[in-house]
Amino acid sequence: MERKHNNQFTLQVIKMLEKYHKEILTCTGCAFCKKACQVYFHTRKEKDSPKGRIMISYGLLTGELKEDASIVESLQKCALCRLCESVCPSMIKITDIIRAARHDLKGMLPEHERILREIEAWDEPVEGEILLVMNSRNEIVDEIAKKLHATAWHGGCGAAIERMGRENKFAEKLIKKIKEAGIKQVIYYEPYCRKYFEDLNAVNIIDMIEDVEINGSYAVHIPYDFDDEFIEKVKSLFKGKDVMYIHECCGGRIEFREAFPEEAEKMANDVIQKSKGRKIITTSLECYEHLKKYGNVVDLLHIAKFKG
Ligand code: SF4
Ligand code: SF4
């Protein structure tokens, strides 16, 4: 899908739903957003559409709706892909509203409770001079760490906690450990980690890639919610090469695929289909772990040649 507006990555601190009262009221109910939502495409239920989630948020805000299991499910059954925002004529920050509504929820899905427990229990030494922060236990993380003379941290930055609507205390603890260990540089990958590392000497691994080694036709999958700067940097690595781009959501975010495996599988197969037989290159290890179950997939890190 063509990108229609500057999709600057602003993973803000989640505010309460009240903050979005005026924004919610600007929704005209035109339903254009429904056409962009892959979750709605597969379930065909109004409550699973962006518009439906805005209406639910409005109901929660005014007190016309009371939280129950069905409301928790609807608000969580969103991949936060932001594709709906690309077509909303009123430019409503739909995912910010959904995030705020999630923040206000008292209940959690059982899968999310488990993910939260697992992330918060992650314990791995933080040591060395350079720390490679990845949210993956895939062997590629250790291979890249070796190449970059870094120590690997496989627990990620805990962004999933925030996406599920809870405070990311895991990131706070990680930053404390990084400071105490005297780490000189942090290397991260997923753009959403950046905000947690703003006070540290942190670099996105994309800036350390000199070139990519490919031979043939590829489809590069870049989640739509990634910031424009990251997307442009990825595209510059493939300049002049035989690639097409897929900006759709594969359903690979851990909290989405664990809670809604059926929809996540369908969304992954949509991406595979759109690649038209080309081998897929993902730009997120979360997407890689998900998509590789359904097709011929590598991650950008598998084919990267690093500077120096
Ligand atoms: S496209 Fe925007 S204005 Fe139209 S229903 Fe969806 S959120 Fe509301
Ligand atoms: S962010 Fe993606 S999954 Fe969520 S409502 Fe919008 S289009 Fe649907």
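The values are calculated or read from the model by the stated rules, or taken from the named source; none is laboratory data. Since the model is a prediction, treat every value here as computed from it, not as a measurement. Because the Cβ atoms are built from the backbone with ideal geometry, glycine has one as well, and the counts that use them run over all protein chains shown.
Taken over the stretch 265-283, the criterion of being under 17 Å from the mean Cα position of the chain (by Cα) and in contact (Cβ under 8 Å) with a residue 60 or more places away in the chain is satisfied by Met267, Ile281, Thr282, Thr283. Looking at Tyr58, Tyr40, just one residue is near ligand 2 (Cβ under 9 Å from one of its atoms) and at pLDDT 95 or above, and that residue is Tyr40. Tell me whether the stretch 242-251 contains one or more residues that are of a type in the set (Gly, Ala, Ser), surrounded by 18 or more Cβ atoms within 10 Å (Cβ to Cβ), outside any loop (DSSP other than H, G, I, E, B) and touching a helix residue (DSSP H, G or I) at 6+ places or on another chain (Cβ under 9 Å). Scanning the stretch 242-251 turns up no residue that is of a type in the set (Gly, Ala, Ser), surrounded by 18 or more Cβ atoms within 10 Å (Cβ to Cβ), outside any loop (DSSP other than H, G, I, E, B) and touching a helix residue (DSSP H, G or I) at 6+ places or on another chain (Cβ under 9 Å). Under the condition of being within 11 Å of ligand 2 (Cβ to nearest atom) and in a loop (DSSP other than H, G, I, E, B), the residues counted in the stretch 61-78 number 2. Note on the stretch 279-308: residues that are in contact with a Leu (Cβ under 8 Å, 6 or more places away or on another chain), surrounded by fewer than 16 Cβ atoms within 10 Å (Cβ to Cβ) and either assigned to a loop (DSSP other than H, G, I, E, B) or of a type in the set (Gly, Ala, Ser) (or both) amount to 0.
Here's the yes/no breakdown for (1) more than 10 Å from ligand 2 (Cβ to nearest atom); (2) surrounded by fewer than 15 Cβ atoms within 10 Å (Cβ to Cβ); (3) assigned to a helix (DSSP H, G or I):
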| position | (1), (2), (3) |
| --- | --- |
| Cys33 | no, no, yes |
| Gly52 | no, no, yes |
| Leu80 | no, no, no |
| Thr95 | no, no, yes |
| Met108 | yes, no, no |
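Of the residues making up the stretch 213-233, those that are surrounded by 19 or more Cβ atoms within 10 Å (Cβ to Cβ) and among the hydrophobic types (A, V, I, L, M, F, W, C) are Ala219, Val220, Ile222, Phe226, Phe230, Ile231. The sole residue among Arg99, Arg117 that is part of a helix (DSSP H, G or I) and away from ligand 1 (no atom under 16 Å from the Cβ) is Arg117.
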